[in-house]
Amino acid sequence: MKLVFAGTPEVAVPALDALISSGRHEVAAVVTRPDAPAGRGRRLVASPVAERAEEAGIEVLKPARPRDEDFLARLREIAPDCCPVVAYGALLPKTALDIPTRGWVNLHFSLLPAWRGAAPVQHAVMAGDEVTGASTFLIEEGLDSGPVYGVLTEEVRPTDTSGDLLTRLAFAGAGLLAATMDGIEDGTLHAVPQSEEGVTLAPKITVEDAQVQWSAPALRVDRVVRGCTPAPGAWTLFRGERLKLIQAVPVLDRADLAPGELSASKNNVYVGTGSHAVELLWVQPQGKKPMRAADWARGVRIAPGELIGV
């Protein structure tokens with residue numbers, strides 16, 4: 001088939017690579033978000049998908065909005081059979097959805113209908129799911145509600161951050177998307193409507209969502225830290241400034257600290273929660289680089305009984 005691939009971040013690159021290297025389909029063009037300012041100089045930088053497409057000599061389309069007529073006209077000229085999508089980052093209007101003869105097929109990082117929305121992996125980690133996965137489905141105008149072509153499952157490991165899990169799903173999902181394109185092309189794969197039961201939503205995680213509540217149980221604190229790593233980053237307040245929490249682990253045999261109460265020794269930093277304590281391993285003070293929590297604690301000289309999060 002002639003394909004137009006839509007995607008933006010690094011997590012979409014493995015799928016683009018899989019389609020380029022398959023040898024079975026032609027990736028005629030790539031659709032991605034416009035260049036965005038990055039770094040201290042805030043200079044405009046192309047998306048990871050755009051950079052990979054340019055390396056491969058593939059035409060790159062960067063519409064400000066996918067409803068722009070210039071973009072739609074070019075898409076009609078290319079006349080793709082199918083448009084595979086991975087984390088493109090913009091809603092597709094019906095005028096765009098109607099152009100490819102076999103529709104737009106999205107690789108979504110959950111077992112639909114669970115975790116429909118922008119942040120399925122983060123929500124899976126924060127909810128304590130033991131198993132998640134990826135699904136390919138035909139895009140409709142509803143939110144991730146279209147019929148499903150294929151799925152794969154992936155175990156959520158006890159120490160997984162959302163970044164760890166998403167990386168594994170990106171590479172496994174690349175194979176699923178390529179196989180989905182093959183099955184659509186040869187007629188062996190047919191989309192099956194999603195169940196109306198088990199629908200859960202996964203909206204974007206905000207900075208406010210990432211604030212740790214020390215009155216919550218230690219396992220909940222652990223899940224929030226892992227689910228918000230690397231983005232947007234779990235955080236708390238210490239002496240009026242934000243402290244980013246990069247790694248923290250529950251300590252099941254210590255329950256002598258009040259919620260938010262700090263206890264520091266030469267090599268360990270503990271914080272009380274609504275159940276037992278958690279040990280802070282890596283933190284990042286405001287305006288500084290990540291550091292071991294024990295080094296941070298020595299520098300700030302924590303007072304006995306001092307609280308965090310207030």
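The values are calculated or read from the model by the stated rules, or taken from the named source; none is laboratory data. Predicted model, so just to flag it, every value in this text is computed and none were measured. As a convention, Cβ positions derive from the backbone with ideal geometry for all residues, glycine included, and neighbour counts pool all protein chains shown. Only protein heavy atoms, including side chains, enter the accessible area calculation; ligands, DNA and RNA are left aside. Shrake-Rupley method; radii C 1.70, N 1.55, O 1.52, S 1.80 Å.
For the stretch 175-205, which positions are under 13 Å from the mean Cα position of the chain (by Cα) and either farther than 24 Å from Ile139 by Cα or surrounded by 16 or more Cβ atoms within 10 Å (Cβ to Cβ) (or both)? Of everything in the stretch 175-205, those that are under 13 Å from the mean Cα position of the chain (by Cα) and either farther than 24 Å from Ile139 by Cα or surrounded by 16 or more Cβ atoms within 10 Å (Cβ to Cβ) (or both) turn out to be Ala202, Ile205. Close contacts from the stretch 287-310, counting a first residue that is under 13 Å from Leu245 (Cβ atoms) and modelled with pLDDT under 95 and a second that is outside any loop (DSSP other than H, G, I, E, B) and of a type in the set (Ser, Thr, Tyr), with Cβ to Cβ under 6 Å and a gap of 6+ residues or different chains, come to Gly309/Thr236. Where helices (runs of 4 or more DSSP H) fall wholly inside the stretch 3-115, the ranges with 1 or more residues that are more than 26 Å from Leu189 (Cβ to Cβ) and not polar (S, T, N, Q) are 48-55, 69-78. For the stretch 127-143, filtered to residues that are over 21 Å from Ile99 (Cβ atoms) and of a type outside the set (A, V, I, L, M), the residue that is surrounded by the most Cβ atoms within 10 Å (Cβ to Cβ) is Ser135. Reported count of residues in the stretch 198-211, each being among the acidic types (Asp, Glu) and touching a residue at least 12 places away in the same chain (Cβ under 8 Å), is 1. Exactly one residue among Glu55, Glu77, Glu26 is closer than 18 Å to Val11 by Cα and open to solvent by 40 Å² or more (accessible area, probe 1.4 Å), and that residue is Glu55. For the stretch 116-126, which positions are in a loop (DSSP other than H, G, I, E, B) and either open to solvent by less than 10 Å² (accessible area, probe 1.4 Å) or in contact with a Gly (Cβ under 6 Å, 6 or more places away or on another chain) (or both)? The one that is in a loop (DSSP other than H, G, I, E, B) and either open to solvent by less than 10 Å² (accessible area, probe 1.4 Å) or in contact with a Gly (Cβ under 6 Å, 6 or more places away or on another chain) (or both): Ala119. Within the stretch 234-250, track down each residue that is under 25 Å from the mean Cα position of the chain (by Cα) and open to solvent by 60 Å² or more (accessible area, probe 1.4 Å). Selection gives Arg242, Lys244, Gln247.
Looking across the stretch 141-189, the residues that are assigned to a helix (DSSP H, G or I) and of a type in the set (D, E, K, R) come down to Asp164, Arg168, Asp182, Glu185, Asp186. Among the residues making up the stretch 251-263, those that are modelled with pLDDT of 95 or more, hydrophobic (A, V, I, L, M, F, W, C) and either closer than 28 Å to Val121 by Cβ or surrounded by 19 or more Cβ atoms within 10 Å (Cβ to Cβ) (or both) are Val251, Leu257, Leu262. Taking each residue of the stretch 248-264 that is closer than 16 Å to Trp235 by Cα and looking for partners that are hydroxyl-bearing (Ser, Thr, Tyr) and open to solvent by less than 50 Å² (accessible area, probe 1.4 Å) with beta-carbon atoms closer than 9 Å, six or more apart or interchain, yields Pro259/Thr273; Gly260/Thr236; Gly260/Thr273; Glu261/Tyr270; Leu262/Tyr270.
Among the residues making up the stretch 273-310, those that are part of a loop (DSSP other than H, G, I, E, B) and in contact with a Gly (Cβ under 6 Å, 6 or more places away or on another chain) are Ile308, Gly309. Residues in the stretch 146-174 that are free of Cβ contacts under 8 Å to residues at least 12 places away in the same chain and surrounded by 16 or more Cβ atoms within 10 Å (Cβ to Cβ): Asp164 only. Residue count for the stretch 224-253, restricted to those that are touching a helix residue (DSSP H, G or I) at 6+ places or on another chain (Cβ under 9 Å) and in a strand (DSSP E or B): 10.
Restricting Ala38, Ala56, Ala18 to residues that are of a type in the set (Gly, Ala, Ser) and under 28 Å from Leu143 (Cβ atoms) narrows the list to Ala18. So, of the residues in the stretch 101-115 that are among the polar types (S, T, N, Q) and open to solvent by 10 Å² or more (accessible area, probe 1.4 Å), which turns out to be farthest from the chain's Cα centre (by Cα)? So the residue we want is Thr101.
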